[in-house]
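The values are calculated or read from the model by the stated rules, or taken from the named source; none is laboratory data. Computed from a predicted model, the values in this text were never measured in an experiment. Counting neighbours? That spans all protein chains shown, and the Cβs are built from the backbone with ideal geometry, glycine included. We work out accessible area using only protein heavy atoms, side chains counted, and drop any ligands, DNA or RNA first. Shrake-Rupley method; radii C 1.70, N 1.55, O 1.52, S 1.80 Å.
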Amino acid sequence: MQHRTLGNSGLAVSELALGTMYFGSENTEDEAFALLDAFVEAGGTMIDTSDVYSGSLSEQIIGRWLAARPSEITDRVVLTTKGRFTTGPDVNDLGLSRRHLRRALDASLSRLGVETVDLYQMHGWDAHTPVEETLSFLDDAVRAGKIHYAGLSNFTGWQLQLTVSTAKAMGVHVPLTLQQQYSLLSRESEYEMVPAALHNNIGLLPWSPLAGGFLTGKYQRGATPAPDTRAGSTNELYQYVSAEYAATDRNWAVIDEVVRIAKESGATPAQVALSWIADRPGVVAPIFGARTLEQLHDSLGAVTLTLDDEATAALDKVSAPTPGGYPYGAFGTSQRDRRLQGGAQALGDLISSGSDLPTGRR
């Protein structure tokens, strides 16, 4: 396992991070302990959780695992959690207000059994709380030694830029990571979020890099998924997400290409998908989950796989999102292009060739 620095910091983390969203729901405590042990034994250090995962059971299980293991193991762990979503019935039991984040962070620290978390992430944007209030709380939390760094999750490009610019203007701690849905089947973050992150030296922590299991190749177009899979379960969230992934020919073409490259390279589809996302610009560590030790070891095998230029280009091409002409397609991007050499600009090149579908002609 290799290491990378976490955004604009000196903190080194493993190139893959273990997601624990299903500890306490799909994974029993004993199974979760086995997964954590195997991950750390393989050289993994970054463990990601949240105060709402399995109704806070994930944090509780991780806390008991940390307490049951010797310091020579737990001292290597880079622990991350999140706050923002609903933790109780009151109207103030959610959001990015100082009141809610203080209570949420203190509760997370208690469940995890630690005095400090390495990375505390805002789990989503809150339109009702001034960004200055959130940033002031995070700066206080850093100064109080409750968190080492702050991060963002599920923020759009303008929300990320506003947060970073405001933090710099206030002279407070600047968030240094962005955790977004990002995979071969979900590349729309490349329109705005990824460029904003790269501009600000924000490290990317992709969640769902295997697209809910679709990029493992276990689902077939038109076939009924097995009931013991997420796509085949009765869970409403799984059904919604799976239906989106299965809805387009483009997604199935991506999956076919991943499977083809896996066969040719002697790897598994999961390893191909993880290797591709891990090598994207700005990515620090994809966050993968596992229900079994077999799945965990399969995903960990991605660290030894390096895709060649041909395979990478094939995956880039087949998975490219289709945004239309404006603002993210050729018409929109050509208007934002500026060349330093030559007179013609991209927009001129684009429109000078005309259209294959002219109107009013016979």
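What order, most packed first, do the peptides 140-146, 56-62, 159-165 have when packing is the mean number of other Cβ atoms within 10 Å of each residue?
56-62, 159-165, 140-146
Hey, could you pull the Cα Rg and Dmax for the range 272-362, both in Å?
For the range 272-362, the Cα radius of gyration and maximum Cα-Cα distance read 20.3, 63 Å.
Seen from all sides and averaged, what is the projected area of the convex hull of the Cα atoms in the range 224-282, in nm²?
In nm², the orientation-averaged hull projection of the range 224-282 is 5.3.
What dipole magnitude, in Debye to the nearest 20, does the chain give about its Cα centre under +1 on Lys/Arg Cβ and -1 on Asp/Glu Cβ?
It comes to approximately 880 debye.
How much of the DSSP bridge set in the chain is antiparallel, in percent, rounded to the nearest 5?
Roughly 15 percent of the DSSP beta bridges within the chain come out antiparallel.
Compute the separation of the alpha-carbon centres of the range 262-282 and the range 112-162 and state it in Å as a whole number.
For the range 262-282 versus the range 112-162, the Cα centre distance is 31 Å.
Which whole-number percentage describes the relative contact order of the chain, with Cα contacts under 8 Å and a sequence gap of 6 or more?
15 percent
Could you please report the charge total around Gly301, scoring K, R as +1 and D, E as -1 over all other residues with beta-carbon less than 14 angstrom from its beta-carbon?
Here the count lands on -3.
Taking the alpha-carbon distance from Lys82 and a cut-off under 13 Å, which aspartates and glutamates remain once sequence neighbours fewer than 8 residues away in the same chain are dropped?
Cα-Cα hits under 13 Å: Asp48, Asp51, Glu59, Asp106, Asp118.
Answer with a single label: of [x] 74, 49, 39; [y] 67, 46, 39; [z] 68, 38, 38, which was calculated as Cα extents along the principal axes in Å from the structure in view?
Answer by label: [x].
Mind listing the long-range amide H neighbours of Gly203? Cut-off is under 5 Å, sequence gap 5 or more, other chains count too, H placed in the peptide plane at 1.01 Å from N.
Gly7, Asn8, Thr177, Leu178
Going by average Cβ neighbours within 10 Å, how do the peptides 185-192, 28-35, 280-287, 345-352 rank, with the highest at the top?
Going from most to least packed, we get 280-287, 185-192, 28-35, 345-352.
When averaged across all projection directions, what area in nm² does the alpha-carbon convex hull of the range 172-267 cover?
Convex hull of Cα atoms, orientation-averaged projection: 8.4 nm².
Which one of Gly222, Leu204, Ser189 has its Cα pushed farthest toward the positive end of the charge dipole of the range 144-284, where Lys and Arg give +1 and Asp and Glu give -1 at the Cβ?
Leu204
Give the accessible surface of the chain per residue, rounded to a whole number of Å², with probe radius 1.4 Å and ligands, DNA and RNA excluded.
48 Å²
Would you mind putting 312-319, 102-109 in packing order, based on average other-beta-carbon counts within 10 Å, highest first?
Top of the packing list down: 102-109, 312-319.
In degrees from 0 to 90, rounded to the nearest 10, what is the angle of the helix 157-170 Cα long axis to the longest principal axis of the chain?
Helix 157-170 sits roughly 50 degrees off the main axis of the chain.
For the range 13-156, what is the convex hull volume of the alpha-carbon atoms per residue, in Å³?
In the range 13-156, the Cα convex hull volume per residue is 107 Å³.
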